[in-house]
Amino acid sequence: MRGIVSVRNLGFGLLLWLGATTTLAGEEFDRVVAPFFKAHCVKCHGPEKQKGKVTLHNVDSGLAAGKSLERWELILEVLESGEMPPEEEAERPDAAKVGAVTKWIETGLRKAVAQGGETLVAPQARRLTNFEYENTIRDLIGFRLKLTDNLPKDPEKPYHFNNTAEFMLLGPEQVDRYLENARKVMTSAIVDPEKPEVHTARREWLRHGLNRGMGLDEIGVWGNRRHSASGGMGLKSFPSTGEFVIRVQASAILPPGVKGAPLRLIMGQTLSGSTQRVEPVGSAYLDNSPDEPRVLEFRGRIENYPLTRGRMIRGNQQPDSRVITPQLLYDDGTLNDGNRNLTMPRIVINWIEFEAPVVDVWPPAHHRRILFDSPLRESDPQAYVREVIRRFASRAFRRSASEAEVNRFEQIYRLVLPELKTMESAMRETLAMVLISPQFLYHTVADGEVTNRQYELASRLSYFLWGSMPDKELMELAGQGGLDDPKVMEQQTRRLLADARSQDFVRNFTMQWMSLAKMKTVPINQQLFPRFLYYVSVGERRGTEQPYRPTIRDYMLEETTGFVGELIRRNAGVANVVDSEFAWLNQPLAAHYGVSGVEGNHFRAVPLKSEHRLGGLLTQGSILIGNGTGSAPHPIYRAVWLREAILGDDVADPPADVPALSDSAGGSAEKALTIKDLLAKHRQKESCRDCHARLDPWGIPFEHYNAIGKYQPLVPKEGARVSGFNLQTHGDLAGYADYLKTIYTERVDATARVPRGPEVNGMAGLKAFLKKDRRDEIAENLLRRLLSYSLGRDLTPRDRFAVDAMLQESATHEHRLLDMIVTICQSPLFKGTEGK
Amino acid sequence: MKTKSWYLNRRELLKGGGIALALPLLNGMSLAASSKTHPKRMLVSYFSYGAYMPNGQHGIPNPEKPHNEWSWWPCRDAGPLTFNKSSVPFEPLKEYVSYYRGLDHAGGWALGGHSSGDVFATGADMVGTQKTNSISIDQIAANAHGHQTRFASMVLGTEGGTGSYGRSKTLSHRGPGRPIPSMHKPQEIFNRLFKPYAGKGVEQVRAGLKREASILDLLMDQSRSLKNRLGHEDQGKVEEYLESIRSLEQRVERTSKWTHEPLPEIDTKGLNLEASHKDPKEYIRCMYDLVYLAFQTDTTRFASLMLESENSSQSELWNYATYVLGYKGATHDIAHKRPADYSGQWDRWRSEQHAYFLQRLKDTPEADGNMLDRTVVLWGSAHPHASHSPKNYPIHLAGGNKLGLKHGHLHSFEGDKKVPLANLFVSMLNAVDVPVKSFADSTGPMTEALA
């Protein structure tokens, strides 16, 4: 994003001549700007020192000619924000002098942009990201197929969006995989005329074994009996493609005070294997007693579920298999200090039924959408084939297919028909080729011939807010040329955001905006946090995250993306990013944070009280864990995150030869706690201090939040070891809690004076300051990120004034999020009419 | 679904997987054994989480102290090799191996220890000038000489796929933004390499390929017309697509030509394609065996093998040290906690597997020597243990003795003697007849490696 003291953005090899300047702007430069730089800047950014690798003794007035816009924009920004000259400088220029310089730069920038200097060359044609690709196929054929696993992963870069042309490259391996996927898609989408064989399976569990605790039809929170319903139902026979239906008769046995038990069904490889790949089938919240069992029905596509390949046993090929497993995901924070299953909620499964493919209507609707019913099919097969191709390609290309395009695909059809014999088979192959055409794989770009700007705009809007192709309504509007009307655009923007597909946008945008993915791979120190990650059946050993069960970490990602979605839904003001009156929680997460009164695993807005010490993004577990070490908070990671994700700064990477601040990933407990000393190291060297003086104070107020995202103002003494729960030593969990109190005795200091701001005490102080003094900065950052994501390119100094205009508009709506998105979609920049 | 016969064939043939076919196929070139000279081969292999280098900053042994018997470096001082407990598996191969200390890719510095594994085979400056990775050393060689074998190169790993930015699971890249997915399932690799027709007759295979070529032609046509309608900047993006289709076309053409050559006879004795991660030794050796067989049958001459990725927490590799040594913790923990007992043993275990492969090559006679004489084998990681510093990689080079490389020494490039690791890459490429003068940030060849 916008840079401050960024090595990357400031061309340090840029030596401009110091010649006489003759223009008017040059005259003012010599009179106002150059002396200012000489007096206030060159001491640190000149021939002697090049702090931040920035030099200013050698700039010239070339701005007028549109040279090095990025460099000038950065200078303008650090002057405007007051970041430079540094506040600790004794001789600081007065506001009027700074104002004169910034005015000269801004005037020059505006002129340069108007003249089109350093013109924009970002290409608009870029392939769909894997995320967009899978969504587009879903909307094209009418059901979701898991396809991205088979594609090379898209590049990721912290705090960057990957939907730009420079990231979305294409090579033969990618096209190979597209081809495999395309054939797989068409095999699923087009069926053969004759009804296929239906595979079924059923398993029942009876209430045996109640004399020994739980019946075989019961699933407990911790551990289960062998051969109980928790083992689920194995499948040895299923079709290779098609829709399945799974029915379950289930109920719950609930202890007093518990309202329901969350059931989840998964299907995939057997859980005793080494890989344990599974996919969720569906969830339900059971509040009915075994006297009133409910029959639940789940549907899905069988192709999406991992299977275990049958092995060869004594020369006999065993069949492939899958397992359907019911899970009880109840978690109210109670730890397992013995087998107390009977005091916790239990789920009763009477039976599970499986059936696939579903053939009530044959051929299924998704098939008839492509090979539609028509008398033409018999009377004029060629016209029918052409019409099938035209309809499918027009949807796949997100604009009407041209006559030439239909001709080519018809040629392919005729080429393959003799060998493939049936229309279904030949059409599968033909339409698979549509799905590897550039018109499908690349974003829609107006070309003035077969694609006009309206179709480009319809696609831009739907890929922005849905991560997928436009629907019928958008396509019709584009066909009528209606999308230039700001009222229509506003109405469409709101419609798309109200659709469930917008959750895909929010998730994808938020994950990249805040660089969230890393929180899943931070190795949590299990000595310090023995209870955080694991699912343990019986007994008290440390465990690891199981790939087949959601953990608190997964819920935390849902918390953050769901929170942002809720802010948009509520059209909340941008200050909510920093602090909010609600949190987005489910029961397990609420228990983790110590918020009571939340039941069930679905997420909802929970009103907050000040003692919860939550609200906004800064205190969410996903951010605190992702920017910690797994053992301890990490003030520098958190400071970098705050400046990059929230304030919109571009924080330069540390020099490569600096040893990492803490070597604590998986390290011993005592080592992990000496961050303060390590921080002090930074202040010893001048080269470190320059950057860290501006960085570290932002991270200190986070110190009351530990490495697993909990408020914890006390830490163990230097060098103290923390042992995990041990039944012999601690007796029970209360005993363990008492033990922890004797260890966590030292109060953490979370007071810091933030750069160009007051001293803030802890998170509450930091939030208050940000809300009050940095709201506009935060709004600008969010607007720039949304805009950049929507356009699929990085913003440049040329966009500066367009952004300014949008910001002014947004300010009139108090920077409310939904309104901000509408403003972006109505802007000339988004519509592609800028400068036209 | 009723599988059409040709469908399967073509699937098998076209499936890119890790087997990348290089361009261009020179017309009129006779295929198998196209030259009288013996093949020149190269393997690039990688292990993760660094290696144990106690007694000294940044993994450079302290000259004041005696050498640690478990250090990954076989000896303390530069010069003729002597072996310690960690490196002793290579003692029988002394004349065929060299150690290089103090080398690294400047492009990896700012990536941090783990992520610098991404650029091990490319040297790309991913943080600075390039946003994505660039072409890897094996693909440069494959582009030059890959047309002489059925497969231009072979890209293997233990976890499969490409991984993502900073967490690569492949060493090989065709170019910027074009990682080549690695293959990691022994049976699948074996089938693709040695049974590419999936049991179908050659005529059937050819007919399928012919139709494939016609379809790709038609796709090319209409993509060209799309390209011509676009603006200048956008044309470049569509050109990427056209190049990809063109290379698929060439692959079809190439596969078709190779149907005229008999498939190699494979001696599968001792090959366990069912090997699983639960038995790391069996599995890793199986992967090495597949490379060996591909080389021995001249099915390909260039391979990469990511023995471990830098982000294995989701895979069984995470448990390897537990399975192998009974270590109570993740394999990655060894790099941080550096337990004296396990660190060295873990390195030694890896050395044993690598030495097994080298020994197999050495034990196979070829012309006036053995296969190792004509195979350049790089083995290393993108950081020493300490802090995952992206400086001073553990680097081990073997073989190629009859390709102009010399061995038997530890070379040291500390302080002002420092040169880029890419210099070694230049010399490796030159050894397999790729006459490049530079690679990534190289400043010249690695004269120390040359006979």
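Here is how the numbers come out for the structure above:
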| quantity | calculated |
| --- | --- |
| Selection within segment B:217-249 - more than 9 Å from chain A (Cβ to nearest Cβ) and under 18 Å from A:Asp176 (Cα atoms) | B:Asp217, B:Met220, B:Glu239, B:Glu249 |
| Single match in A:Arg340, A:Arg309, A:Arg314, A:Arg368 (criterion: surrounded by fewer than 16 Cβ atoms within 10 Å (Cβ to Cβ) and at positive phi) | A:Arg314 |
| Which listed residue is in a loop (DSSP other than H, G, I, E, B) and within 20 Å of B:His105 (Cβ to Cβ), from B:His383, B:His411, B:His407, B:His396 | B:His383 |
| Residue in segment B:101-117 that is farthest from the other protein chains (Cβ to nearest Cβ), counting only those that are open to solvent by less than 10 Å² (accessible area, probe 1.4 Å) and in a helix (DSSP H, G or I) | B:Gly117 |
| Any hit, segment B:334-345, residues being of a type in the set (D, E, K, R) and open to solvent by less than 30 Å² (accessible area, probe 1.4 Å) | no |
| Filtered residues of segment A:151-191 (kept if of a type outside the set (Ser, Thr, Tyr), more than 8 Å from chain B (Cβ to nearest Cβ) and in a helix (DSSP H, G or I)) | A:Asn181, A:Ala182, A:Lys184, A:Val185, A:Met186, A:Ala189 |
| Members of segment A:177-188 found to be within 21 Å of B:Ile180 (Cβ to Cβ) and either of a type in the set (Phe, Trp, Tyr) or open to solvent by less than 10 Å² (accessible area, probe 1.4 Å) (or both), listed by number | A:Tyr178, A:Leu179, A:Asn181, A:Ala182 |
| Enumeration of residues in segment A:589-608 that are in contact with an Asp or Glu (Cβ under 7 Å, 6 or more places away or on another chain) and under 20 Å from A:Gly565 (Cα atoms) | A:Leu589, A:Phe603, A:Ala605, A:Pro607, A:Leu608 |
| Number of positions in segment A:383-406 that are without any contact (Cβ under 8 Å) to a residue 12 or more places away in the chain, open to solvent by 10 Å² or more (accessible area, probe 1.4 Å) and farther than 27 Å from A:Arg453 by Cβ | 1 |
| Residue identified as surrounded by fewer than 16 Cβ atoms within 10 Å (Cβ to Cβ), farther than 30 Å from A:Ala426 by Cα, touching a residue at least 12 places away in the same chain (Cβ under 8 Å) and within 36 Å of the chain's Cα centre (by Cα) among A:Glu297, A:Glu292, A:Glu353 | A:Glu297 |
| Number of the exception - B:Met154 against (1) aliphatic (A, V, I, L, M); (2) within 14 Å of another protein chain (Cβ to nearest Cβ); (3) open to solvent by less than 30 Å² (accessible area, probe 1.4 Å); (4) farther than 24 Å from B:Arg285 by Cα | (4) |
| Given (1) more than 31 Å from the chain's Cα centre (by Cα); (2) open to solvent by 50 Å² or more (accessible area, probe 1.4 Å); (3) over 28 Å from A:Phe409 (Cβ atoms), index of the condition B:Lys210 fails | (3) |
| Unique residue being assigned to a helix (DSSP H, G or I), modelled with pLDDT of 85 or more and within 24 Å of A:Gln620 (Cβ to Cβ) when the list is A:Lys741, A:Lys771 | A:Lys771 |
| Condition broken by A:Glu194, with the remaining ones in (1) in a loop (DSSP other than H, G, I, E, B); (2) without any contact (Cβ under 8 Å) to a residue 24 or more places away in the chain; (3) closer than 21 Å to A:Ile347 by Cβ satisfied | (3) |
| Residues being within 14 Å of chain B (Cβ to nearest Cβ) and within 15 Å of A:Asp320 (Cα to Cα) - total across segment A:222-275 | 6 |
| Qualifying residue in segment B:164-186 (condition: part of a helix (DSSP H, G or I) and more than 9 Å from chain A (Cβ to nearest Cβ)) | yes |
| Qualifying residue in segment A:189-203 (condition: touching a helix residue (DSSP H, G or I) at 6+ places or on another chain (Cβ under 8 Å), within 30 Å of B:Glu212 (Cβ to Cβ) and open to solvent by 60 Å² or more (accessible area, probe 1.4 Å)) | yes |
| Pick from segment A:466-524, criterion within 25 Å of A:Tyr442 (Cβ to Cβ) and among the basic types (Lys, Arg), ranking: surrounded by the fewest Cβ atoms within 10 Å (Cβ to Cβ) | A:Lys472 |
| Meets criteria (at negative phi, touching an Asp or Glu at 6+ places or on another chain (Cβ under 9 Å) and within 13 Å of chain A (Cβ to nearest Cβ)) for B:Gly208 | yes |
| Residue satisfying all of: in segment A:260-289; open to solvent by 50 Å² or more (accessible area, probe 1.4 Å) and small (Gly, Ala, Ser); modelled with the highest pLDDT among these | A:Ser283 |
| Which listed residue is in contact (Cβ under 8 Å) with a residue 12 or more places away in the chain and either of a type in the set (Val, Ile, Thr) or out of contact with any Leu (no Cβ under 7 Å at 6 or more places or on another chain) (or both), from B:Ser71, B:Ser98, B:Ser136 | B:Ser71 |
| Hits in segment B:81-100 (condition: surrounded by fewer than 21 Cβ atoms within 10 Å (Cβ to Cβ) and aromatic (Phe, Trp, Tyr)) | B:Phe83 |
| The listed residue being in a strand (DSSP E or B), without any contact (Cβ under 8 Å) to a residue 60 or more places away in the chain, over 30 Å from A:Met186 (Cα atoms) and not aromatic (Phe, Trp, Tyr), out of A:Ala250, A:Ala284 | A:Ala284 |
| Residue within segment A:110-132 that is away from chain B (no Cβ under 14 Å), closer than 30 Å to A:Gly242 by Cα and in contact (Cβ under 8 Å) with a residue 60 or more places away in the chain present | yes |
| Residue match in segment B:306-318 (condition: open to solvent by 50 Å² or more (accessible area, probe 1.4 Å), assigned to a helix (DSSP H, G or I) and either acidic (Asp, Glu) or out of contact with any strand residue (DSSP E or B) (no Cβ under 8 Å at 6 or more places or on another chain) (or both)) | yes |
| Only one of B:Lys402, B:Lys437, B:Lys391, B:Lys418 that is surrounded by fewer than 21 Cβ atoms within 10 Å (Cβ to Cβ) and under 26 Å from B:Arg76 (Cα atoms) | B:Lys418 |
| Sole exception among (1) closer than 18 Å to B:Phe302 by Cα; (2) within 14 Å of chain A (Cβ to nearest Cβ); (3) among the hydrophobic types (A, V, I, L, M, F, W, C) for B:Val127, by number | (1) |
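Yes or no, residue by residue, for (1) β-branched (Val, Ile, Thr); (2) open to solvent by less than 20 Å² (accessible area, probe 1.4 Å); (3) modelled with pLDDT under 95; (4) in a helix (DSSP H, G or I):
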site	(1), (2), (3), (4)
A:Gly565	no, yes, no, yes
A:Asn576	no, no, no, yes
A:Asp579	no, no, no, no
A:Trp584	no, no, no, no
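The values are calculated or read from the model by the stated rules, or taken from the named source; none is laboratory data. As the structure is a prediction and not an experimental result, all values here were calculated from the model. Methodologically, a virtual Cβ is constructed for each residue, glycine included, from the backbone with ideal geometry; neighbour enumeration extends over all protein chains shown. When the accessible area is computed, the model is the full protein with side chains, heavy atoms only, and any ligands, DNA or RNA have been set aside. Shrake-Rupley method; radii C 1.70, N 1.55, O 1.52, S 1.80 Å.
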